[in-house]
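A short write-up of the structure that comes next.
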Amino acid sequence: LKQMHSCWWNQQQRQLKVGQDETAHHNWIPTHLWHAKRFQVSSPSIFSWSVPLVHANRGSRASLRLATSETIQKCTIQDATWEIDGSAVVLRASQINNLSSPKEQTVKTLLSILERVTDIKLSDNSITSGHVSVEGLIHEIDSFPAGLVGPGNFMFKIMNDDATKSDVCLLSIFVHPAIRLKVMAILTTLVKSHDNDNGINVTISTEPYSLLRVRGTSSTTTVADVLSFNWMDVLPTDVDGNEVDHGTLLMINSTDCTKGRNQIILKSHRPNLHQNHLPQNVACSGWDILCHPSISNDLFQTFVRKGGTCAIGLVEDARAQLEASPPLPIFPRDYPDSAEGQSYWEGSLKDWKLIRSCIEGSWGRNNKLLRRSQKEGCDEKVPTEMPETSELVTTCDASSKEIVRIQWGCLVSPTSDQSVIVVRGSFGVPFLQLLHGCGRLPRKVDSDDTTKQTRRPRRPVRPSNVAVHAPPLSIDEKEIHSKLCKQLKAS
């Protein structure tokens, strides 16, 4: 019987390999074998990566309660190596001739390249004083604020080259695997167009990295205990580990690693730093650990066994970001002005359909939409042509469930040169003030049907045919609102 089953299994595997593309390749994160026994791993792969989606025996609510609990101080850990495609794009600016200030000149050279494709603004002093990490958006060359490609993390490092005995400025860029090839093409074009007359040579390469995310109430103490260091030795005396600014970089040498490449980079991740007292922001605050993939597996298991951290996947991390106050943007869901964001909402790519089932499906232990997407292989063909009507929001059937599709092309005609620009961050404050200035709380409308009810409804009930009317603005409020509109138009 065992031999018959083995023959049947081998026959099934051969039939599956016949239909697969021989050129397709699958990448494993360093902790794939550990996650494969405990998590639901993406099948088919997501951008050629086998991604841990959700724990097999618990939902995302359990890990979120654990990360925000104050009675039991714990934290979570996630292997997010696939989100940076297992490596970083490195721009290296080095000196050709002897200059009076080579450090400042190399920094200015890299900043001049970034100004053509990003929205970040940094001063030379902030980079030359030490290691700096910032987050920004990558655009097409000389097309800001239009032509968005996607978000990226930029890490500056200044090192001393022993061969030339001069300062070298390194810029490591971490991007999503969906936009990696496009970002590489943009940066390669900029490097080739760079003029070496100023005595600075710029080269582009890649460097392998692994990303571990530690989040939760006890993330700071757990990182110090596992990596065996004291925060007083790496931070100023008046700064606590829980009060470090967002994006701060720290270099740690791990003594437990024996494979040589033991340098670990700690990056503080506190996007909602001024509202860190809210419990919903604790689950998305902590530390990012960047290290070489050769030591990532041992480091991950040390956090789980010695540190007592709770391993999470893609679904749990998305829930923590969406429940933050304010919610954190998720790529490409919250970037509709990019090509990948439009593909996500149109449902035209199988990788985005699988990720969308993780984010928008059930956040409990049983995610039916996710199971259907994996079972069907995300091979259902959803029409991508423009709808006959000019409706922005439509619906379609995917994985035996009706989901929402957003046709962002309906906002602007395809034949026109205009484009949609999304306002993010503090730039959206005038628009919020504009909306709040002309809005009023609606009057409460009583229905005659509520008097006939014998029992109290479980939820507030309002008839669907009752319109909500906002009271008109006064003369003074109209003048203030008009001035605000003119200021916004002239800005």
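The values are calculated or read from the model by the stated rules, or taken from the named source; none is laboratory data. Predicted model only: the values in this text are computed from it and were never measured. So basically every Cβ, Gly included, is an ideal-geometry build from the backbone, and we count neighbours across all protein chains shown. Side chains are part of the model used for accessible areas, which takes the heavy atoms of the whole protein and leaves out ligands, DNA and RNA. Shrake-Rupley method; radii C 1.70, N 1.55, O 1.52, S 1.80 Å.
Laid out as a table, the results:
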{"quantity": "Residue, modelled with the lowest pLDDT, within segment 64-120, restricted to residues that are part of a loop (DSSP other than H, G, I, E, B), open to solvent by 50 Å² or more (accessible area, probe 1.4 Å) and under 30 Å from R180 (Cα atoms)", "calculated": "I96"}
{"quantity": "Selection count, segment 141-197, where residues are surrounded by 15 or more Cβ atoms within 10 Å (Cβ to Cβ), of a type in the set (A, V, I, L, M, F, W, C) and in contact with a His (Cβ under 8 Å, 6 or more places away or on another chain)", "calculated": "5"}
{"quantity": "Residue within segment 336-343 that is farther than 27 Å from C410 by Cα, crowded, with 21+ Cβ neighbours inside 10 Å and of a type outside the set (A, V, I, L, M) present", "calculated": "no"}
{"quantity": "Among residues of segment 330-349, those that are touching a Pro at 6+ places or on another chain (Cβ under 7 Å) and not aromatic (F, W, Y), counted", "calculated": "4"}
{"quantity": "Tally, over segment 205-260, of residues that are at pLDDT below 90, in contact with a Gly (Cβ under 7 Å, 6 or more places away or on another chain) and part of a helix (DSSP H, G or I)", "calculated": "1"}
{"quantity": "Segment 53-85: number of residues that are in contact (Cβ under 8 Å) with a residue 60 or more places away in the chain and more than 15 Å from A324 (Cβ to Cβ)", "calculated": "22"}
{"quantity": "Answer residue from segment 31-46, given it is farther than 18 Å from S210 by Cα, hydroxyl-bearing (S, T, Y) and in contact (Cβ under 8 Å) with a residue 24 or more places away in the chain and is most open to solvent (accessible area, probe 1.4 Å) among those", "calculated": "S43"}
{"quantity": "Number of positions in segment 283-336 that are part of a loop (DSSP other than H, G, I, E, B) and within 30 Å of N262 (Cβ to Cβ)", "calculated": "10"}
{"quantity": "Single condition C284 does not satisfy, out of (1) farther than 22 Å from R61 by Cα; (2) surrounded by 23 or more Cβ atoms within 10 Å (Cβ to Cβ); (3) of a type in the set (A, V, I, L, M, F, W, C)", "calculated": "(1)"}
{"quantity": "Residue within segment 314-321 that is without any contact (Cβ under 8 Å) to a residue 24 or more places away in the chain and either aliphatic (A, V, I, L, M) or open to solvent by less than 10 Å² (accessible area, probe 1.4 Å) (or both) present", "calculated": "no"}
